[in-house]
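Worksheet: the structure to be examined is printed underneath.
The values are calculated or read from the model by the stated rules, or taken from the named source; none is laboratory data. Bear in mind that the values here come from a model prediction, so they are computed numbers and not experimental data. Reconstructed Cβ throughout: ideal geometry from the backbone, glycine too, with neighbour counts over all protein chains shown. The accessibility values were calculated without ligands, DNA or RNA, using every heavy atom of the protein model including side chains. Shrake-Rupley method; radii C 1.70, N 1.55, O 1.52, S 1.80 Å.
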Amino acid sequence: MSPERFLQLIADPHRWRLLGELARSDRRVGELTQLLGQPQNLVSYHLRELRDAGLVFSRRSSFDGRDAYYRVDLTRCGELLAGAGAALVPGLRLASVSVPRRRRAGRAPRVLFLCTGNSARSQMGEALLERLSDHTIHARSAGSHPKMVHPNAIRVMAERGIDISGHRTKHLGLFARRHFDYVITLCDRVREVCPEFPGEPPTSHWSIPDPAAEGDTDEATYPAFERTACELEARIGHLIAQLSTTEGGHVHAA
């Protein structure tokens with residue numbers, strides 16, 4: 001996509017707002033319609049424009065297959081923004097936000113990942129956030145119906161030098177009275193039953209399919225676990241940058 005086309009695309013105020021809302025959380029069309037205060041046909045039109053440009057894509061909900069969640073590709077947006085700057089003036093590029101090896105003074109942010117079984121996605125999210133932030137962010141995970149940690153979750157983490165073989169699964173009720181700075185739901189089902197937490201921390205939804213449901217054997221599902229780990233790594237990279245630039249580690253709701 002040319003820099004001119006990209007800038008024209010995001011200059012539309014409706015599309016700009018859609019990107020902003022999707023940067024905070026995956027959303028359904030009905031939710032975006034309410035957030036923008038615009039009719040569904042208009043929202044759907046602008047979503048289609050963004051999707052055709054490769055900035056947004058959708059996934060069928062695992063909770064209700066008749067519905068779909070939209071998400072924004074922040075990495076792609078960043079690349080296009082950087083390319084637009086360089087096209088205007090050579091050498092004018094967006095500087096990437098590096099993760100501080102030592103966090104500035106103040107309490108470290110606390111993030112909770114939730115999914116149904118706490119056996120794969122949320123366990124992987126917890127482990128990746130701790131590792132990629134160099135333990136400057138405290139991560140926890142839980143599920144609405146906990147079961148044993150999946151062998152492929154252990155395997156894909158081990159291939160990244162992270163040992164979660166000793167992790168135990170936990171019910172989300174264990175954390176009901178604990179304070180977190182950010183809560184992230186990773187499956188569509190648990191989003192529907194996510195409780196309120198003390199202090200009403202911002203909640204984001206990352207609609208990621210259950211990798212264990214994509215095959216009948218551990219070997220068959222391994223590629224899905226690898227894809228899930230890669231997606232979590234990308235999303236967590238953006239989350240770390242966000243948490244590292246907020247005052248005192250606190251994330252403010254939009």
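Miscellaneous remarks
- Nearest 10 degrees, 0 to 90: helix 218-244 Cα axis against the chain principal axis: 60 degrees
- The stretch 149-251, dipole about Cα centre (Lys/Arg Cβ +1, Asp/Glu Cβ -1), debye to the nearest 20: 360 debye
- Counting only protein heavy atoms and a 1.4 Å probe, the chain has 51 square angstrom of accessible area per residue.
- With θ taken as phi - 60° and the Karplus curve 6.51 cos²θ - 1.76 cosθ + 1.60 applied, the whole-hertz 3J(HN,Hα) list for the stretch 133-144 is 8, 6, 6, 7, 10, 8, 10, 9, 8, 7, x, 7 Hz, x standing for glycine and proline.
- If you look at the Cα atoms of the chain, you get an Rg and a Dmax of 18.7, 54 Å.
- 0 to 90° range, to nearest 10: angle between helix 40-52 axis and the chain longest Cα axis: 90 degrees
- Sulfur and carbon atoms: percent of accessible area, the chain [1.4 Å]: 52 percent
- Sites Asp52 and Cys194 - FRET efficiency at Förster radius 41 Å, r taken between beta-carbons, to 0.05: 0.80
- Shape category assigned to the stretch 24-69 from the gyration tensor of Cα positions, a/c cut at 1.5: oblate
- In this Cβ point-charge picture (+1 for Lys and Arg, -1 for Asp and Glu), the chain has a dipole of about 660 debye about its Cα centre.
- Compared with the dominant principal axis of the Cα atoms in the chain, helix 74-88 is inclined by about 30°.
- Positive dipole terminus of the chain, leading residue within Ile154, Gln40, Thr221 (C-beta point charges): Ile154
- Residue-wise HN-Hα coupling along the stretch 7-17, computed from phi with Karplus coefficients 6.51, -1.76, 1.60 (Hz; x: Gly, Pro): 5, 5, 5, 7, 6, 5, x, 5, 5, 4, 5
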